[in-house]
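Asks: Let me give you the structure first, and then I'll get to my questions.
The values are calculated or read from the model by the stated rules, or taken from the named source; none is laboratory data. A quick note: this is a predicted structure, and the numbers were derived from the prediction, not measured. All Cβ positions, even for glycine, are placed from backbone atoms using ideal geometry, and neighbour counts span all protein chains on display. What goes into the accessible areas is simple: the full protein's heavy atoms, side chains included, and nothing from ligands, DNA or RNA. Shrake-Rupley method; radii C 1.70, N 1.55, O 1.52, S 1.80 Å.
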Amino acid sequence: MTEALLVDAHTDSTDSQQTAAASWWRQAAVYQIYPRSFADADGDGLGDLPGIRSRVDYLAELGIDAIWLSPFYPSALADGGYDVADYRDVDPRLGTLEDFDELIAALHERGIRVIVDIVPNHTSDLHEWFQEALAAGRGSAARDRYVFREGKGASGEEPPTDWESVFGGPAWERVEDGQWYFHNFATEQPDLNWDHPEVRADFLKTLRFWSDRGVDGFRIDVAHMLTKDLTEPLPSRAELERMPQDGTHPLLDRDDVHEVYAEWRRVFEEYDPPRTAVAEAWVSSPERRAKYASAEGLGQAFNFDLLEADFDAAEFRTVITDNLAQAAETGSSTTWVLSNHDVTRHATRYGLPPLAGRPVKQGTEWVAAGGPEADIDRDQGLRRARAATLLLLGLPGSTYLYQGEELGLQEVAAITAEQRQDPAFFRGGEYDGLGRDGCRVPLPWSADRPAFGFGGAVAHLPQPAWFAEYAVDVEAADPTSTLSLYREALRLRRLLQTEERLEWIETGRTDVIRFTRPNGWQVVTNFGTAPFPLPAEAGPVVLGALVDGEIAGASTVWIASPSLLE
Ligand code: NOJ
């Protein structure tokens with residue numbers, strides 16, 4: 001692996017090489033790959049590791065610093081791979097450990113780091129531990145690794161509580177001998193018992209297993225859910241909902257979960273450079289999130305505030321200010337996210353009427369209504385998406401991009417019930433409506449090839465005809481495409497990257513925000529519709545276009561001294 005290349009690509013030249021290598025993640029542009037939908041080398045309809053390997057030059061040309069691989073482990077796909085049957089292997093449909101090693105070597109050669117997903121809250125029901133627990137019966141040591149309880153009612157025929165799973169439906173499932181097990185998510189995802197020393201030890205083994213293979217960091221799935229206080233009597237669902245999420249809640253964001261991450265930190269520090277981690281933690285306040293991002297814990301935590309925000313200048317400014325302040329307090333760096341594999345693509349969200357403070361995730365209602373065409377303005381959505389991305393890429397901190405957003409892809413709503421795979425679709429619950437398949441449709445690589453060049457003849461989720469317009473080969477040939485814009489923005493971002501700070505510059509308009517970074521790199525975003533005249537002394541525009549000296553509605557420009565680009 002060419003460590004010098006990895007260091008150079010990501011850091012401030014004033015840092016010592018060692019510190020620089022250790023802090024590569026702070027301002028990285030990380031590209032999330034959902035492996036089953038990225039590229040399919042063996043033509044079976046499911047994306048695989050050799051498929052990703054075949055596209056490493058595309059990733060290098062895109063200009064990202066790292067990739068995050070969603071789960072590629074053996075799985076029955078009850079939850080898109082987040083039901084892991086073996087944490088230390090590759091799903092045979094996706095390749096082998098050798099394929100993984102080759103992929104990581106090819107990425108490292110191109111200066112791209114690799115983050116893998118760790119799913120510690122639950123296993124698959126096919127995991128050998130759960131199979132052992134089923135076979136061993138009630139009262140066995142094997143059942144202790146999970147959360148088994150007797151049911152209520154005369155013969156235990158009712159679940160221990162009335163709790164609901166995140167995907168909808170009861171959070172308890174009865175097994176043959178009459179006991180019940182707890183699952184926060186799908187029935188096929190039994191929750192682990194994090195009080196059990198073997199569970200803790202096994203995850204340390206998994207972290208070392210992938211770190212030894214050269215993985216640079218980890219994304220921790222529902223990091224706020226692992227530890228639980230299940231002391232009897234268990235509260236009812238209504239009681240549970242009323243309990244404060246202040247570290248003492250029986251199921252969520254408990255203070256004692258940080259003991260787990262302190263132990264993980266010690267493992268990360270065994271490596272040089274130390275392995276990094278980013279927590280997926282849906283918690284009640286920025287202060288609670290900060291605990292996951294601490295240097296004694298995982299080091300970084302996702303900030304999903306922009307996922308839930310409207311395309312609105314005041315909302316963006318508040319979210320940016322608050323998160324930068326919070327990052328400064330913890331010593332971590334902020335993460336910016338507009339899309340991932342769990343939410344409606346932002347090019348679609350931004351084409352919908354504003355949420356205006358309503359407490360739903362953007363796009364959820366539209367998806368639930370079956371994706372009505374009449375409700376959506378796709379051109380506006382794409383313009384706004386491009387403007388928001390340029391704003392994000394200019395911010396201090398790291399940005400997480402989701403595969404396909406560099407093509408400006410829209411959410412696919414036209415997937416029949418028979419073709420759907422997401423348990424959230426079948427069970428209702430938090431991601432109700434059509435679930436999350438619409439952002440997981442395999443990528444279009446070539447406009448004219450079967451399955452748009454994804455792999456064989458068919459993709460595992462149906463690709464609509466309009467995917468042809470967004471195909472990589474079409475966009476690569478068009479200098480005005482979204483792909484060309486991402487490539488140019490990521491190239492310039494590397495040249496312009498500077499200290500993790502910004503200063504706001506007042507614009508005199510409530511729908512336009514402008515800030516400058518310490519080296520004079522400026523970003524101006526017009527969230528409105530009326531053009532914004534750029535003051536003549538602002539400096540040269542290096543990205544985004546002015547129209548007659550003005551910034552058009554729903555667009556962003558970058559301003560910088562040409563000397564910074566030499
Ligand atoms: C969060 C993941 O992002 C999501 O895709 C998954 O369904 C749940 N965690 C459960 O693992």
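Asks: For region 218-243 and region 71-132, what is the separation of their C-alpha centers, rounded to whole Å?
Replies: 26
Asks: Here's another thing I want to ask about it. Using r as the Cβ-Cβ distance of ALA476 and ALA295, and R0 as 45 Å, what FRET efficiency do you calculate, to the nearest 0.05? Provide the component values of the computation, followed by the final result.
Replies: Working: r = 40 Å, r/R0 = 0.90.
According to the calculation, E is roughly 0.65.
Asks: Evaluate the distance, in nm, between pseudo-label points positioned 7 Å from the Cα of ALA201 and of VAL458 along their respective Cα→Cβ axes.
Replies: 4.7
Asks: Separate question: When Lys and Arg each count +1 and Asp and Glu each count -1, what net charge do the other residues less than 9 Å away from ALA554, Cβ to Cβ, add up to? Write out the running numbers ahead of the final one.
Replies: Details: positive: ARG383, ARG384, ARG386; negative: none.
So the surrounding residues net to +3.
Asks: Just the accessible area per residue of the chain, please: how many Å² with a 1.4 Å probe? Present the calculation step by step, with values, prior to reporting the outcome.
Replies: On the way: 21370 Å² over 566 residues.
Averaged over the residues of the chain, the accessible area is 38 Å².
Asks: Is region 321-411 rounded, prolate or oblate when judged by the Cα gyration tensor, a ≥ b ≥ c being the square roots of its eigenvalues, rounded requiring a/c under 1.5 and prolate requiring a/b larger than b/c?
Replies: Prolate shape, in that a/c is at least 1.5 and a/b is the bigger ratio.
Asks: Let me ask something else. Using amide H atoms built 1.01 Å from N in the peptide plane, name the residues 5+ places from THR276, or on other chains, whose amide H lies under 5 Å from its own.
Replies: Residues meeting the amide H criterion: GLY217, PHE218.
Asks: Taking 0.36 nm per residue of sequence separation and subtracting the Cα-Cα distance, how much length would be gained by fully extending the chain between GLU503 and THR19, in nm to one decimal? Could you put the intermediate results ahead of the total?
Replies: Working: separation 484, 0.36 × 484 = 174.24 nm, distance 2.57 nm.
Taking 0.36 nm per residue and subtracting the Cα distance, the gain is 171.7 nm.
Asks: Next question, about the same structure. Spelling out what I want: for every residue of region 33-41, take phi, set θ = phi - 60°, compute 6.51 cos²θ - 1.76 cosθ + 1.60 (Karplus), and round to whole Hz; glycine and proline get x.
Replies: 10, 9, x, 6, 10, 9, 7, 10, 6
Asks: Right, another one. Ranked from highest to lowest mean number of other Cβ atoms within 10 Å per residue, what is the order of the peptides 466-479, 381-394, 278-291? Intermediate results must be reported in sequence, preceding the final value.
Replies: Values: 466-479: 16.9, 381-394: 23.3, 278-291: 19.2.
Highest-to-lowest ranking by the protection proxy: 381-394, 278-291, 466-479.
Asks: Mind checking the angle between helix 313-330 and the chain's longest principal axis? C-alpha axes, 0 to 90 degrees, to the nearest 10.
Replies: Helix 313-330 sits at roughly 60 degrees to that axis.
Asks: Would you calculate, for the chain, the mean residue ellipticity at 222 nm contributed by helices, counting each DSSP H stretch of 4 or more residues as -39,500 (n - 2.57) and dividing by all residues, to the nearest 500? Spell out each step's value before the answer.
Replies: On the way: 17 runs with 157 residues, N = 566.
Mean residue ellipticity, 222 nm, calculated: -8000 deg cm²/dmol.
Asks: Amide H to amide H, which residues 5 or more places from TRP68 or on other chains are under 5 Å from it, using H placed in the peptide plane?
Replies: Amide H neighbours of TRP68, under 5 Å, 5+ apart: TYR31, GLN32, ILE33, ILE115.
Asks: Under the rule of at least 5 residues apart or a separate chain, name every residue whose amide H is placed under 5 Å from the amide H of ALA78.
Replies: ASP83
Asks: Moving on. May I ask for the angle, rounded to the nearest 10°, between helix 378-394 and the longest principal axis of the chain, with both axes built from Cα atoms and the value confined to 0 to 90°?
Replies: Relative to the chain, helix 378-394 is tipped by roughly 90 degrees.
Asks: At what distance in angstrom do the alpha carbon centres of region 284-353 and region 521-557 lie from each other?
Replies: What the calculation gives is 25 Å, centre to centre.
Asks: If you don't mind, another one. Which of the peptides 229-235, 108-114, 57-63 is most tightly packed, and how do the rest follow, judged by the mean count of other Cβ atoms within 10 Å per residue? Please report the intermediate quantities before stating the final value.
Replies: Values: 229-235: 11.1, 108-114: 19.7, 57-63: 16.7.
Packing proxy ranking, top to bottom: 108-114, 57-63, 229-235.
Asks: List residues of region 242-271, by number, whose backbone nitrogen lies under 17 Å from a label position 7 Å along Cα→C-beta of ASP212.
Replies: 267-271
Asks: Another question, if that's okay. Can you tell me how region 393-503 classifies by the Cα gyration tensor, rounded, prolate or oblate, using a/c under 1.5 as the rounded cut? Can you show the working numbers first?
Replies: On the way: a/c = 3.34, a/b = 1.42, b/c = 2.36.
Verdict is oblate for region 393-503.
Asks: Now for a different question. Between LEU546 and PHE426, with labels modelled 7 Å along Cα→Cβ, what's the label distance in nm to one decimal, could you check?
Replies: 5.7
Asks: At R0 = 45 Å, how high is the FRET efficiency between ARG378 and LEU97 if r is their beta carbon distance? Nearest 0.05 is fine.
Replies: Numbers: r = 42 Å, r/R0 = 0.93.
Once the sixth-power term is evaluated, E becomes 0.60.
Asks: Would you be so kind as to identify which of SER339, GLY351, ALA327 lies farthest towards the positive end of the dipole of region 293-422, taking Lys and Arg as +1 and Asp and Glu as -1 on Cβ and the Cα centre as origin?
Replies: Result: GLY351, furthest along the dipole toward the positive end.
Asks: Compute the FRET efficiency between ALA60 and ALA447 as 1/(1 + (r/R0)^6), taking r as their Cβ-Cβ distance and R0 = 22 Å, and round to the nearest 0.05. Mind showing how you got there, number by number?
Replies: Details: r = 23 Å, r/R0 = 1.02.
The formula returns an efficiency of 0.45 here.
Asks: Something else about it: Mind checking the dipole of the chain: about its Cα centre, +1 per Lys or Arg Cβ, -1 per Asp or Glu Cβ, Debye to the nearest 20?
Replies: Numbers: 51 positive and 94 negative charges, 178 e Å.
Dipole of the chain, to the nearest 20 debye: 860 debye.
Asks: Could you work out what % of the accessible surface of the chain is carbon and sulfur, using a 1.4 angstrom probe and leaving DNA, RNA and ligands out of the count? All intermediate terms of the calculation are to be shown ahead of the outcome.
Replies: Working: 10930 of 21370 Å².
Heavy-atom surface of the chain belonging to carbon and sulfur, 1.4 Å probe: 51 percent.
Asks: When the chain is fully extended, how far beyond the present Cα-Cα distance does GLU176 get from GLU128, taking 0.36 nm per residue of separation?
Replies: Numbers: separation 48, 0.36 × 48 = 17.28 nm, distance 1.75 nm.
Using 0.36 nm per residue and subtracting the Cα-Cα distance, I get 15.5 nm.
Asks: Give me the net charge of LEU107's neighbourhood, meaning all other residues with Cβ under 12 Å from the Cβ of LEU107; Lys, Arg count +1, Asp, Glu -1.
Replies: Working: positive: ARG53, ARG55, ARG110, ARG113; negative: ASP57, ASP65, ASP101, GLU102, GLU109, ASP216.
With Lys, Arg at +1 and Asp, Glu at -1, the net is -2.
Asks: Suppose the chain between ALA135 and ALA262 were pulled fully straight at 0.36 nm per residue; how much longer would it get relative to their current alpha carbon spacing? Don't jump to the answer; show the numbers that get you there.
Replies: On the way: separation 127, 0.36 × 127 = 45.72 nm, distance 3.39 nm.
Taking ALA135 through ALA262 to full extension adds about 42.3 nm, to one decimal.
Asks: So for the chain: antiparallel DSSP bridges make up what percent, rounded to the nearest 5? Write out the running numbers ahead of the final one.
Replies: Numbers: 26 of 52 bridges.
Antiparallel bridges: around 50 percent, rounded to the nearest 5.
Asks: So what J values fall out for region 131-144 if you push phi through Karplus, 6.51 cos²θ - 1.76 cosθ + 1.60 with θ = phi - 60°, rounded to Hz, Gly and Pro as x?
Replies: Residue by residue, region 131-144 yields 4, 5, 5, 5, 5, 6, x, 5, x, 7, 4, 4, 6, 5 Hz.
Asks: Can you work out ³J(HN,Hα) from phi for every residue in region 435-443, in order, using Karplus 6.51 cos²θ - 1.76 cosθ + 1.60 and θ = phi - 60°, giving whole Hz and x for Gly and Pro?
Replies: Values, residue by residue: x, 10, 5, x, 9, 10, 5, x, 5 Hz.
Asks: Using only Cα atoms, find the angle between the long axis of helix 482-496 and the longest principal axis of the chain, and express it within 0 to 90 degrees, rounded to the nearest 10.
Replies: Helix 482-496 sits roughly 80 degrees off the main axis of the chain.
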